[in-house]
Amino acid sequence: MTPVRRTRRIVGLSAAAAGVATAATAVVMLTGVTGSPAYAVSKGSDGTVDVRINSFVDPDGLESELAEAGIKSVVDYLPAGQTCKQPRGENGAADGKFAAGVGKAGDGIAFKIKKGRVPAGSTLVLAVTKSGDGDSAAPSTTSLQIVKGTVAPCEPTSAPAIPPADNGTGGTTDKRDNGPTVDDGTEKGRGVTDKND
């Protein structure tokens, strides 16, 4: 049996353009329970890293993909009603303060980290309290912070109850309808932010 030799020819400028496009943005996905990607990590030409999480499974895989994008991270997914005991370590934000817009994306979350926001020697720490409705449901809380040096292991503890949000008419709505809450990663680590970074 004679082996078949395959050759691929790419012509001039289109090949160069394809190479540049590939270098500018790399997207990595893992299929989740529902068949949609569990997460996607992409890095833009300006160094901004976009993260979208659709299913809260495989935290080690997400850490690995963030490392490929140049961000050292620790990712913890906890069952409903649990969160990680704070503090996880010393505040490591470049300017002493860190705020990232973590928004609802379908039933998951999405956020972006601009270049330089996680300094050398620091770690992006993401802790997600999953919904009681499963891995692919919108989480009840999300904590995102930057820790300098060693990150303490996640010590599960009871998550504080989230009071219903005022819907502007004197009534209240379930907080989950408004998306996850976010720890702003400041020294006190107790703020909630919806600010886009």
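Observations
- Among 126-138, 147-159, 75-87, the peptide with the highest mean count of other Cβ atoms within 10 Å heads the list, and the full ranking is 126-138, 75-87, 147-159.
- For region 42-150, lysine pairs separated by 8 or more sequence positions, or belonging to different chains, with Cα-Cα distances below 21 Å total 25.
- Look at the alpha carbon pairs under 8 Å that are at least 6 residues apart: their mean separation over the length of region 82-123 gives a relative contact order of 41 percent.
- Ranked by how many other beta carbons lie within 10 Å on average, peptides 109-116, 89-96 from highest: 109-116, 89-96
- Packing here is the average count of other Cβ atoms within 10 Å per residue, and on that basis the peptides 42-49, 67-74, highest first, run 67-74, 42-49.
Any read-out appearing in this document is the output of simple, stated calculations on the displayed coordinates, not a laboratory observation. On a predicted model such as this, the values are computed, not experimentally measured, just so you know. Here the Cβ is made from the backbone with ideal geometry for all residues, glycine too, and neighbour counts use every protein chain on show.
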